[in-house]
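Step one of this worksheet: look at the structure below.
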Amino acid sequence: MKRNYLYILFWVCTLFGVSVSSARSEILPPTGLAAKTFQHEIFLTWNADEANAWEVVVDDRSPIRTSTPQYTLDSLVHNRQYTIKVRTIKGEDFSTFAVLQATTQNIQKAIDAPDRIPYLRTIRIDGITPKRLPLYFNDLANEKACITYKFNGHPITPIDNHLHLSSSAYKDKLEINIDEGEGRRWHIVYLISLER
């Protein structure tokens, strides 16, 4: 009886042009997953293939969705290994994960070294600065430090871990106050020129 039922179902589907394939085409995970590590960030890249959306998962954190084949994980702990997974999204379907492990770099100075000064690694040595400035620090021992900013004397609030700067001056002043706790505080002043 079961065989007859399946035969009738197949015949009806064939008659009305309905596909009876039991397995849909497999969605492939991203290839070429690679990581470039910094003290508090990991920059991920992978091959785009034909997909236009991906999901990134770090350790057991909530998934992050991106529409470009690259992503920067930030606010990470220095000198720590992370398990990173990326999968392809097509509509409501997902591929399996491509997985890699990456370890953030260690800070260069001891935490209590008197000459340790956290600094923005995204400001060039000549002071040239992008107008959308990523707030990526080196030698910051506490990634959860309280940090405030002033641009030309006015408080400015980061958006998505970036400062959005605008000025027509030749030189601008960026002030950063960092409080890591336990008496570790800095007031840092940069004289910068915005990229034209």
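Taken together, the values in this text are just the output of simple stated rules run on the coordinates, not laboratory data. Small disclaimer: the values here were computed from a predicted structure and weren't measured. Every residue, glycine as well, gets a Cβ built from its backbone with ideal geometry; the counts of neighbours run over all protein chains shown.
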Check your understanding: What is the distance, in nm, between label points placed 7 Å from the Cα along the Cα-to-Cβ direction at E92 and at R196?
Key -> 5.4
Check your understanding: Could you state the number of Å between the C-alpha centres of segment 82-138 and segment 34-58?
Key -> 11
Practice item. Could you please rank W54, W46, placing first whichever residue has the fewest other Cβ atoms within 10 Å of its Cβ? Key: W46, W54
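Starting from the eigenvalues of the Cα gyration tensor, five times each then square-rooted, give me the equivalent ellipsoid semi-axes of segment 25-103, largest first, whole Å. Let's see the in-between values first.
Numbers: eigenvalues 101, 27, 22 Å².
Computed over segment 25-103, the values are 22, 12, 10 Å.
Suppose R0 equals 25 Å; then what is the FRET efficiency for S168 and I125 from their Cβ-Cβ distance, rounded to the nearest 0.05?
Efficiency, from the Cβ-Cβ distance: 0.60.
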Check your understanding: Based on the inverse mean of 1/r over its pairs of different Cα atoms, what is the Kirkwood hydrodynamic radius of the chain, in Å?
Key -> 20.4
Review point. Given H placed on each backbone N at 1.01 Å, which residues far from I156 in sequence or on other chains put an amide H within less than 5 Å of it?
Key: Y149, K150, F151
Exercise for review: Express in nm, to one decimal, how much length is gained between N161 and V189 on full extension, taking 0.36 nm for each residue of separation and deducting their alpha carbon distance.
Suggested key: 8.2 nm
**Study point:** ³J(HN,Hα) computed for each position of segment 126-140 - Karplus, 6.51 cos²θ - 1.76 cosθ + 1.60, integer Hz, glycine/proline x
**Key:** 8, x, 5, 9, x, 5, 9, 8, x, 9, 10, 9, 10, 6, 9
Review point. Taking amide H positions as placed 1.01 Å from N in the peptide plane, with prolines and chain starts having none, which residues 5 or more places from N161, or on another chain, fall under 5 Å of its amide H?
Key: none
Exercise for review: Return the sequence-ordered ³J(HN,Hα) values of segment 173-187 in whole Hz as given by the Karplus equation 6.51 cos²θ - 1.76 cosθ + 1.60 applied to θ = phi - 60°, using x for Gly and Pro.
Suggested key: 10, 10, 10, 10, 10, 10, 10, 7, x, 6, x, 8, 9, 9, 10
Review point. How much length, in nm to one decimal, is gained on full extension between N47 and S75, taken as 0.36 nm per residue of separation minus their Cα-Cα distance?
Key: 7.6 nm
Revision key, fill the gap. Sorting T148, A48, I125 by the position of each Cα along the dipole of the chain (Lys, Arg +1; Asp, Glu -1; all at Cβ), the one nearest the positive end of that ordering is A48
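Sum -39500 (n - 2.57) across every DSSP H segment of at least 4 residues in the chain, then divide by the residue count to get the 222 nm mean residue ellipticity, nearest 500.
Numbers: 1 runs with 14 residues, N = 196.
Roughly -2500 deg cm²/dmol at 222 nm, from the helical runs in the chain.
Quote the charge dipole size of segment 39-196 about the Cα centre in Debye, to the nearest 20; the model charges only the Cβ of Lys and Arg (+1) and of Asp and Glu (-1).
Details: 19 positive and 21 negative charges, 89 e Å.
So the magnitude is around 420 debye.
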Practice item. Go through segment 142-149 residue by residue and turn each phi into a ³J(HN,Hα) via Karplus (6.51, -1.76, 1.60, θ = phi - 60°); whole Hz please, and just put x for glycine and proline. Key: 10, 5, 9, 4, 7, 10, 10, 10
Review point. Can you list the aspartates and glutamates whose alpha carbon is less than 17 Å from that of K173, not counting same-chain residues fewer than 8 positions off?
Key: D126, E195
Check your understanding: So what's the angle, to the nearest 10 degrees on a 0 to 90 scale, between helix 2-15 and the longest Cα principal axis of the chain?
Key -> 70
Check your understanding: Quick one: which of K131/K171; K109/K144; K36/K171 span more than 23 angstrom between C-alpha atoms?
Key -> K36/K171
Check your understanding: Can you sort S95, S62 so the residue with the fewest Cβ neighbours within 10 Å comes first?
Key -> S62, S95
Revision key, fill the gap. Place a point 7 Å from the Cα of D112 in the direction of its beta carbon; the residues of segment 173-190 whose amide N falls under 18 Å from it are 180-186
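Hey, with R₀ at 25 Å, roughly what FRET efficiency would T31 and E143 work out to, going by the Cβ-Cβ distance, to 0.05?
Values: r = 31 Å, r/R0 = 1.24.
The formula returns an efficiency of 0.20 here.
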